[in-house]
Amino acid sequence: MTSHVVIIGASLAGVSCAQRLIESNADLHITLISDEVDIGYDRPPLSKSLKVGEPLPLVDLDPSRKLDSDKIKLLTGNPATSINLDAKTVEVNGIDVGFDKLVIATGARARKLDTFNIPGAPIKTLRTLADAKEIQQIVESKSKPRVGIVGGGFIGLELASALSTHCSVDLFEAQKHLLSRVLPIGISSRVAARHEAAGVNLHMEAHIARVEGDSSTVKIELNDGQNFEFDLVVQGVGAIPNSEIAGEAGLALANGIAVNESLQTTHPDVYAVGDCCSFPLASNGETVRLESWRNAQEQGLHVAEQIASGEHTKFMGLPWFWSDQYDLGLQMAGWPHPEALRVDRECGDQHCTFELNGDHKLISVAAIGPGNSVAKDVKICERLISAGTVISPEDLANPDVNLKKLLKG
């Protein structure tokens with residue numbers, strides 16, 4: 001008997017799940033639903049590599065055209081509007097699509113501040129291909145456009161890096177340090193210095209009092225009385241999980257769609273993966289929601305393997321993030337803790353900050369350096385974290401100690 005798997009969402013998590021199911025020998029029929037017409041493209045290049053006067057840097061998530069398989073039906077350009085758990089159907093464009101297994105991969109959407117709700121003004125967010133096209137169109141229509149970026153998170157900083165060569169960029173961050181919730185000060189300071197060297201005007205502890213705009217400009221006034229005028233303002237103030245369709249169906253929510261260690265929701269035949277779900281970390285059981293490329297891909301693959309095999313297994317993924325800004329590469333692995341022991345290592349033009357728990361086991365690392373230079377050390381740290389290796393702080397701080405040798409205990 002053929003089983004029907006419905007996947008809601010055709011970004012990385014949903015596409016990865018569909019591709020693995022197509023590859024399986026299981027007798028399956030798959031329906032992939034997307035509210036976007038453009039599907040199967042990678043989102044990170046939209047902020048990391050957007051260039052003025054150049055084609056958008058699209059990366060195809062389905063270069064071998066696996067989604068053209070006769071196993072799969074694509075429904076694009078219309079969102080799934082409801083889920084009926086009793087009937088096991090998903091409504092799309094007024095039609096009920098039945099499922100045996102359902103995978104919700106609806107991702108997240110850019111958070112928008114009420115202060116910037118000025119219809120018709122050049123105020124944007126960056127999440128989709130359509131968003132990137134609008135931003136590129138505006139900055140290409142002017143000579144040395146003035147761009148204001150609200151929010152010093154990864155999206156805002158990567159966009160500032162991408163636009164700084166051709167635009168005048170001001171970035172507003174409410175906290176004292178960039179990325180202060182996720183990065184140690186040593187790395188945060190280096191990121192800030194690189195942006196300032198590129199001509200980006202950083203405004204820290206900036207609180208916006210008033211915003212005005214018309215069809216061509218946006219004016220921002222800060223609480224301290226400073227005034228700015230921009231041709232474009234981009235909000236980069238976080239993301240909201242697209243969990244409404246799950247909540248309305250009666251599935252449990254907890255900062256996203258709540259799932260167990262196998263990524264099942266509170267309905268045994270419904271899974272949630274990627275940016276829309278909150279799940280228990282294998283390393284410490286803490287429930288988190290990750291907006292991470294690798295996490296989305298790994299969760300999509302993990303659920304596909306469970307559906308194809310019929311067996312439930314624990315998701316063991318280790319959090320990992322990366323960001324490219326100018327000539328710098330930043331990588332993080334593991335899950336930091338505010339009470340952990342922090343150890344810094346300077347090695348030439350690279351900086352690493354490690355976190356150890358009370359047993360001197362590595363729980364997280366953050367590293368920055370030119371290009372992809374920190375990737376090897378971070379990969380080794382991932383293995384140290386997974387192995388639960390006991391490490392002395394002195395060895396971690398000493399750049400003469402090869403991290404790979406620490407794997408041998």
(request) Grab the strands (runs of 3 or more DSSP E) fully contained in segment 66-161, keeping just those with 3 or more residues being touching a helix residue (DSSP H, G or I) at 6+ places or on another chain (Cβ under 9 Å). (result) 80-84, 101-104, 123-125, 146-150
(message) Looking at SER3, SER34 in this structure, which one is open to solvent by 20 Å² or more (accessible area, probe 1.4 Å) and farther than 30 Å from PRO145 by Cβ?
(response) SER3
(request) Out of the residues in segment 170-201 that are over 17 Å from THR353 (Cβ atoms) and free of Cβ contacts under 8 Å to residues at least 24 places away in the same chain, state the one that is nearest to the chain's Cα centre (by Cα). (result) GLU196
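Every residue, every condition in (1) in a strand (DSSP E or B); (2) modelled with pLDDT of 95 or more; (3) over 21 Å from the mean Cα position of the chain (by Cα), yes or no:
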site	(1), (2), (3)
GLU229	yes, yes, yes
ILE245	no, yes, no
GLU248	no, yes, yes
THR266	no, yes, yes
(message) I need the full set of residues from segment 272-310 which are over 14 Å from the mean Cα position of the chain (by Cα) and more than 14 Å from LEU21 (Cα to Cα), in order please.
(response) ALA272, PHE279, PRO280, LEU281, ALA282, SER283, ASN284, GLY285, GLU286, THR287
(request) With respect to PRO45, determine if the residue is in a helix (DSSP H, G or I), free of Cβ contacts under 8 Å to residues at least 40 places away in the same chain and closer than 24 Å to LEU232 by Cβ. (result) yes
(request) For segment 210-233, indicate whether the set of residues that are touching a Leu at 6+ places or on another chain (Cβ under 7 Å), buried (at least 18 other Cβ atoms within 10 Å of the Cβ) and over 27 Å from ALA333 (Cα atoms) is non-empty. (result) no
(request) Please tell me if ARG383 is out of contact with any strand residue (DSSP E or B) (no Cβ under 9 Å at 6 or more places or on another chain), surrounded by 13 or more Cβ atoms within 10 Å (Cβ to Cβ) and under 26 Å from ALA282 (Cβ atoms). (result) yes
(message) I'm checking my understanding of the structure. Among residues of segment 231-243 that are under 30 Å from VAL288 (Cα atoms) and not in a loop (DSSP other than H, G, I, E, B), which one is farthest from the chain's Cα centre (by Cα)?
(response) VAL234
(request) Scan SER364, SER392 and give me the residue that is touching a Gly at 6+ places or on another chain (Cβ under 7 Å) and small (Gly, Ala, Ser). (result) SER364
(message) Just the residues that are outside any helix (DSSP H, G or I) and among the β-branched types (Val, Ile, Thr), please, taken from segment 162-188.
(response) THR165, VAL169, VAL182
(request) Give the residue, chosen from SER34, SER3, SER16, SER49, that is touching a helix residue (DSSP H, G or I) at 6+ places or on another chain (Cβ under 6 Å) and of a type in the set (Gly, Ala, Ser). (result) SER16
(message) Go through (1) under 30 Å from ALA333 (Cα atoms); (2) open to solvent by 30 Å² or more (accessible area, probe 1.4 Å); (3) among the hydroxyl-bearing types (Ser, Thr, Tyr) for SER188 and report which single condition fails.
(response) (2)
(message) Go through segment 244-293 and report how many residues are surrounded by 24 or more Cβ atoms within 10 Å (Cβ to Cβ), within 26 Å of VAL150 (Cβ to Cβ) and not charged (D, E, K, R).
(response) 3
(request) Considering (1) over 17 Å from SER278 (Cα atoms); (2) touching a strand residue (DSSP E or B) at 6+ places or on another chain (Cβ under 7 Å); (3) open to solvent by 30 Å² or more (accessible area, probe 1.4 Å), say which one VAL343 fails and leave the rest. (result) (3)
(request) Being at pLDDT 95 or above, surrounded by fewer than 17 Cβ atoms within 10 Å (Cβ to Cβ) and closer than 19 Å to LEU384 by Cα is the filter here, so list the residues in segment 302-340 that pass it. (result) MET316
(request) Give PHE99, PHE116 a once-over and let me know the one that is aromatic (Phe, Trp, Tyr) and closer than 30 Å to GLY152 by Cβ. (result) PHE116
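The values are calculated or read from the model by the stated rules, or taken from the named source; none is laboratory data. Nothing here was measured: the structure is a model prediction, and the numbers come from that model. Using ideal geometry, Cβ is built from the backbone for each residue, glycine included, and neighbour counts are taken over all protein chains shown. Surface accessibility is based on the protein's heavy atoms, side chains included, excluding ligands, DNA and RNA. Shrake-Rupley method; radii C 1.70, N 1.55, O 1.52, S 1.80 Å.
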